[in-house]
1. Project the alpha carbons of segment 98-148 onto their principal axes and report the range along each, largest first, in whole Å.
2. HN-Hα J couplings of segment 140-154 from phi, Karplus 6.51/-1.76/1.60, θ = phi - 60°, integer Hz, Gly and Pro as x?
3. Mind listing the long-range amide H neighbours of Lys4? Cut-off is under 5 Å, sequence gap 5 or more, other chains count too, H placed in the peptide plane at 1.01 Å from N.
4. Counting only residues 5 or more places away or on other chains, whose amide H sits under 5 Å from the amide H of Ile59 once H atoms are built in the peptide plane?
5. So how exposed is Ser242, as accessible area in Å² (1.4 Å probe, rounded to 10)?
6. Please list, in chain and number order, the residues 5+ apart from Ser19 or on another chain whose amide H is under 5 Å from its amide H, with Hs placed from the backbone.
7. Given R₀ = 51 Å, FRET efficiency for Ser313-Thr212 by Cβ-Cβ distance, to 0.05?
8. For Asp228, Asp103, give the ranking by accessible area with the largest first, probe 1.4 Å.
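The values are calculated or read from the model by the stated rules, or taken from the named source; none is laboratory data. These numbers were taken from a predicted model, which means no experiment stands behind them. We place every Cβ from the backbone using ideal geometry, glycine too, and count neighbours over all the protein chains shown. Side chains included, ligands, DNA and RNA excluded: accessible areas come from the protein's heavy atoms. Shrake-Rupley method; radii C 1.70, N 1.55, O 1.52, S 1.80 Å.
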Amino acid sequence: MSKKFELHIHTSPAFSLPSTDPLSIAALAYLQIVAPGEFTVVESSVSPLPSLRVFPEDIRISGYTEIIAYLKRASYDADSDLEPKQLALSEAYSALITSRGIDLSLLSLYADYPNYSRVTRHVLSAPLPFPASYVEPFRLRTAAQARVEKLGFNDALGSNFTDEVKEERNPNPRQNTFPSLTAPQPKLSPENLRKRIALTNLASEFYATINTIILQNPLRPTPFVFGDQPSSVDALLFGVLSTHLYPELPNPWLASELRKKERVAAWTHEARRTFLPSCIKTITSRPSVTSMVWDAIFQQEKKAENAVKDAASEAAEAQARTKRNKRIMVAVGGVVAFIVYVFAAGIVRIEVGGEEEGIDDEGQEEEEEEDRADHRGNDVRCARVLRKHQDANCKFEQRGSQVELASNRNPYSLYRTLSLVPSLSPVPLPLIPQNVLPIPI
């Protein structure tokens, strides 16, 4: 048994579109691609929109991205036949369309105050009961202005209520009749005029890029971005371009720029006939005050459940963080204990240069001084020994002269002389008695 779906969106038949929200139109177009005839469109005011309800499981998914992801997991995948390169391009195109294309839609429908006050506000409040008919449009415009504030065009589009021009009041906002679209416009300052020109250039550049995406192969034009079969990019692109082209606004600057790109405008018309056939059944369910209060309570309960889940996840993260910190502290403590042990055991020593080097230098100088003193003492001793040797040589010379003189006289005197000088006699000589006369030769 195939699944049945209910797509809850905020309808706005005044635009000849199923909704004023580009993402709601994109979700409807995607369902028309993957599940034609298996879904119904329900008018709703419960935020966030779009919202998908799945039967018989009674599962509810809110948000365009979440809806597409769920349908792909449930085998309702419009991108199943794309190649890897085409899937990558699909992601890139979707990011561009979601960011720049939706921003331009919000600028045109909400940030441009004449457009909002004369058309958009009445379209949004028409299907809503009191007090939602006053609260919901203001909430949507505030959210839109907060998103597009980064672009810097709010002032040029009359974001403040002081820029409002006098408009014709519609006595019955539930009727699809609007004030005159040809009311006089306030004069723009040079700065705001410059911003208007920049905004027009921004839209022109976006449509030029879209024209390149659509005409990837100019020699063989295809009805859709990636060939003959539509994909999720086609659904998203149609949802955005339809809110640019079809709304009738006092300041149709966005539609004027789009019509300049004839190929883009023609593609939008063809996609409208494909994605929005007349056979789509829309259930008009005007919410009562009780149902809106119930929906608000349901949303609060859902937020409370999400808060509890977030708190539980935060507690789990805190516990994991504590365990991780304990492991880090244990590891650091082990490293510190090892370093202390290494130094305490004397395995590693650290010597500081400073004073010890100075002490070593002084000791070295003292040793050098002692060495020099020793050298000086040795020199003195050497000098003394040298003088002694010189004296001995002198005595030796004197004694030698005496020996020579004695040898000339007689042997006895020679013998006596040698006996008196032991150093000159190679062998000890006996002493000659004094009474022994020398033998004459």
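1. 34, 17, 14
2. Going residue by residue, I get 5, 5, 4, 5, 5, 5, 5, 6, 8, 4, 5, 6, x, 10, 4 Hz, with x marking Gly and Pro.
3. Here the answer is Phe55, since their amide H atoms fall under 5 Å of that of Lys4.
4. Under 5 Å from the amide H of Ile59 lie the amide H atoms of Val54, each far enough along the sequence or on another chain.
5. Roughly 0 Å² of Ser242 is accessible to a 1.4 Å probe.
6. When sequence neighbours closer than 5 places are left aside, the close amide H contacts are Ser12.
7. Taking R0 as 51 Å, the efficiency between Ser313 and Thr212 is 0.75.
8. Most to least solvent-accessible, the answer reads Asp228, Asp103.
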